[in-house]
Amino acid sequence: MKAVVLNRLGDFDSLVDAEVRDLKVSADEILVKTRAVAVDPIDIKIGNGSRGGRDGMILGSSVAGDVIAVGRNVRGFKVGDRLAANVRGGETYAEEVLVPERLAAHIPDNVT
């Protein structure tokens, strides 16, 4: 899977496209194929080190996309659903994102 990785904490010029590990869905998580992300203020704070962070991390908190897998305890979503979520430090600058079900919201059919 591809993602945008911050190689050096505090150095946004070190953001690079990289191949990263595939994600494994746990019992209460949803695997999302990313369609859109936002650059949130918290992402900048994490990336510059003022709110945690580390070298080699994937930034990102907000994501919208399509459900491609669900954990065994997930009841409110199924494969094919569209969702939006804000997962602080959720590594959303990637092709796929893990979202805890409790943080996910359905995107209505009449919203594009």
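Nothing in this text is a laboratory measurement; each read-out follows from the coordinates by a stated rule. Nothing here was measured: the structure is a model prediction, and the numbers come from that model.
Work out the P(r) tail for the stretch 71-112: percent of alpha carbon pairs separated by more than 17 Å, whole number.
Cα-Cα pairs in the stretch 71-112 separated by more than 17 Å: 34 percent.
Two decimals, Cα atoms only, Kirkwood Rh: what is Rg/Rh over the stretch 1-99?
Ratio of gyration radius to Kirkwood radius for the stretch 1-99: 0.99.
In percent, how large is the relative contact order of the chain, given Cα pairs closer than 8 Å and 6 or more residues apart? It would help to have the intermediate numbers written out before the result.
On the way: 272 pairs, mean separation 34.3, N = 112.
The value is 31 percent.
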